[in-house]
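Report on the structure given below.
Since every read-out is calculated from the coordinates, none of them should be taken as a lab result. All values derive from a computational prediction rather than experimental measurement. Positions of Cβ are generated from backbone atoms using ideal geometry, with glycine treated the same way; all protein chains shown enter the neighbour counts.
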Amino acid sequence: MKKGRFSGLFRVIFGFFGIFLLLLFERVGILYGSNTSDSYVLSTDRITRVKESKKAKTCLVIIDSDNKSSANAYEQYEQILKDMRIQTRVWDLSLDKFEQDYFNEIKDDVETLIFCINDYSQFGESILSITNWVKQGGRALIGITPSKSREFEMISSKLGIVETGDSYARVDDFTSADGFMLGAQNTYVIEDAYESALSVQLDESCRIYAYAGDGKVPLIWSIGYGEGRFVFCNFGYMGKAYRGIYSSAYTLLEDICIYPVINASTFYIDDFPSPVPPGDGQYIKRDYGMGIADFYSSIWWPEMLALGSQHNVKYTGLIIENYNDTTSGELEANKSTADYYYYGNMLLNQGGELGYHGYNHQPLCGPDYVYQEDLGYKTWDSAETMEDSLKELIDFATGIYPAATLSVYVPPSDVLSAEGREILGYRIPEIKTIASIYFEGADAYAQEFTVSEDGIIETPRIVSSCNIDDFMKMASFSELNFHFITSHFMHPDDLLDEDRGAALGWEKLKENLNEYMDWIDISAPDIRHVTGSGMAGAVQRYVNTSHDYEVFDNSISFTCDGLIDSAYYMVRCNEGVITSSYGANITRINETLYLMHVKSGKVTLIRNKDKK
Ligand SMILES: [Zn+2]
């Protein structure tokens, strides 16, 4: 009886305590953001290495730095191999001629070889020493489309080519065979296509992994030769937007290839929240008969939130305090904050995140900076004023959202000077991540996915707007396969800008965005949907690990250093299937690819070599 009364009382106390905790958590923002997972941003001192590798230098890359095609291709291959942690030794034919004797001396230490060169005449007849090495078990990648030469003719039948046409074949698109790359359900159209591939007739024993023009032009194939294997990239286009095609081709060389991936999908809304433009927008008025402010609040934003929940997308909004062009003197605070409370809190409550875009929209470029392209921007009068502008923005944002943690910075128009970059890294501890842009451009702060020396996490965005063109579709496909990421940004005022598709109208633009989100859901149902800081945390873990593995008939023994809590790897299994794992969770994501979630420094994968 007594006991019962006490337990009732305890239940009431616990009940109140629970409610109190819940309110407290909400107050301090624990219910916000994605910091519950293993992708929260770590303190800088926990990142002790950047893209190191434990593996031996068993990949030989043959280049000719005097040749433009080779040099161009190597620029991409170098980054691809670095990110995949494949340790290379480079043989630059412009410095050291190809010597058969020297090759024979080193060949036992070489497991994979990349011809990052198109002119094979430099090898002379010594090229046969390489094909003989393949015959004995070597694995060679024809990394770029070769030009025709007597030496190439000498080996082409070994590469699976029965006949080579006189002219080159035009490559208008790229289709991956099922079970090779992620996103294989679509054909990716190439902008500014040209005759970039050899026109070939292939031996029946070739296995074709990618093609153009409904199968007429083989783009990637493999063929066994003796104990070894050749993989041929007959694609011809090189650049950051195609890296995933080359990284995927590389994974076909050996029975098993394991490389680290970031595993993150992000959506950023730039200039949001920001002061809503007054008045009307031409196309908004045309389609909805209302002003911009009403359209944002009653159509655009509710529909963006609906799209987000339909596709499990958590937006990252980047705040602009005001649109004045003050770059000297007193920086006045924006006093009209109603829209910030309204939009910002809705975004946070949806599970999204807020970050910094600018006190105003003037890029962080000091008095000495000269813009390469005139976008109508001014320069700041001093480093101090630039720093003040960031501090004002931080005060403004943390005043309105005291419970939120903001740590991501997006440079206005992706423009950031070296001086501005230094301020962010050394003077503004609140900013931990810069999310600028992947592709180079005039004044653009172009990035790789990495952690810089000052600890800033570099998380470039890949594609943008609701007018997703062929180039962006190709780039998305490539990065999904290379880093296992997608990264997209847009602006509320896309609906006001003809270059970003305003004339199409929001209905059509929304359909495009929905299509892109659908493409992610279908191509990578297992990808992590994160906010900007989630992407940053994922990149920190990605750079900090280094791995190695040994392949046996029935198992693969994998080890990694630098594991913080967990990390992700892609496993390509060309022979057999992985049936189980110890020390990692493994998810089969197509016929030959597995996503490996590593939770321990030692992992064993069990493989059935005969199963398909
Ligand atoms: Zn902006």
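Values for this structure:
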{"quantity": "Residue identified as of a type in the set (A, V, I, L, M) and more than 30 Å from Ile130 (Cβ to Cβ) among Val231, Val276", "calculated": "Val276"}
{"quantity": "Filtered residues of the stretch 385-420 (kept if in a loop (DSSP other than H, G, I, E, B) and over 23 Å from Val451 (Cβ atoms))", "calculated": "Tyr401, Pro402, Ala403, Ala404"}
{"quantity": "Residues (out of contact with any strand residue (DSSP E or B) (no Cβ under 8 Å at 6 or more places or on another chain) and either in a strand (DSSP E or B) or within 15 Å of Phe235 (Cβ to Cβ) (or both)) located in the stretch 138-165", "calculated": "Ser147"}
{"quantity": "Residue within the stretch 321-333 that is within 15 Å of the ligand (Cβ to nearest atom) and in contact with a strand residue (DSSP E or B) (Cβ under 8 Å, 6 or more places away or on another chain) present", "calculated": "yes"}
{"quantity": "Test: residue in the stretch 40-59 that is part of a helix (DSSP H, G or I), in contact (Cβ under 8 Å) with a residue 24 or more places away in the chain and under 28 Å from Phe439 (Cβ atoms)", "calculated": "yes"}
{"quantity": "Residue list for the stretch 385-395, restricted to those being within 21 Å of Gly317 (Cα to Cα) and more than 16 Å from the ligand (Cβ to nearest atom)", "calculated": "Lys391, Glu392, Ile394, Asp395"}
{"quantity": "Filter pass, Asp101 being in a loop (DSSP other than H, G, I, E, B), of a type in the set (Asp, Glu) and over 30 Å from the mean Cα position of the chain (by Cα)", "calculated": "no"}
{"quantity": "Any pair with Cβ under 8 angstrom, 6 or more apart, that starts in the stretch 443-462 at a residue that is without any contact (Cβ under 8 Å) to a residue 60 or more places away in the chain and ends at one that is part of a loop (DSSP other than H, G, I, E, B) and basic (Lys, Arg)", "calculated": "Ile456/Lys432"}
{"quantity": "Lone qualifier among Asp395, Asp414 - being out of contact with any Cys (no Cβ under 9 Å at 6 or more places or on another chain), among the acidic types (Asp, Glu) and buried (at least 21 other Cβ atoms within 10 Å of the Cβ)", "calculated": "Asp414"}
{"quantity": "Criterion (without any contact (Cβ under 8 Å) to a residue 24 or more places away in the chain and either within 16 Å of the ligand (Cβ to nearest atom) or on the phi > 0 side of the Ramachandran plot (or both)) met by exactly one of Gly279, Gly291", "calculated": "Gly279"}
{"quantity": "Yes/no for Gln350 being in contact (Cβ under 8 Å) with a residue 12 or more places away in the chain and within 16 Å of the ligand (Cβ to nearest atom)", "calculated": "no"}
{"quantity": "Residue in the stretch 173-184 that is over 25 Å from the mean Cα position of the chain (by Cα), hydrophobic (A, V, I, L, M, F, W, C) and surrounded by 15 or more Cβ atoms within 10 Å (Cβ to Cβ) present", "calculated": "no"}
{"quantity": "Residue that is farthest from Arg461 (Cα to Cα), among those in the stretch 490-503 that are more than 14 Å from the ligand (Cβ to nearest atom) and touching a residue at least 40 places away in the same chain (Cβ under 8 Å)", "calculated": "Ala503"}
{"quantity": "The stretch 417-461, residues that are surrounded by fewer than 18 Cβ atoms within 10 Å (Cβ to Cβ) and within 16 Å of the ligand (Cβ to nearest atom)", "calculated": "Gly441"}
{"quantity": "Residue selected from the stretch 372-384 under the condition away from the ligand (no atom under 16 Å from the Cβ) and part of a loop (DSSP other than H, G, I, E, B), by the criterion surrounded by the fewest Cβ atoms within 10 Å (Cβ to Cβ)", "calculated": "Asp374"}
{"quantity": "Whichever residue in the stretch 185-203 is assigned to a loop (DSSP other than H, G, I, E, B) and among the hydrophobic types (A, V, I, L, M, F, W, C) and, among such residues, is surrounded by the fewest Cβ atoms within 10 Å (Cβ to Cβ)", "calculated": "Ala193"}
{"quantity": "The stretch 357-369 residues that are under 14 Å from Ser436 (Cβ atoms) and within 13 Å of the ligand (Cβ to nearest atom), paired with ones that are among the aromatic types (Phe, Trp, Tyr) and not in a loop (DSSP other than H, G, I, E, B) (beta carbon under 8 Å, 6 or more apart)", "calculated": "His357/Tyr409"}
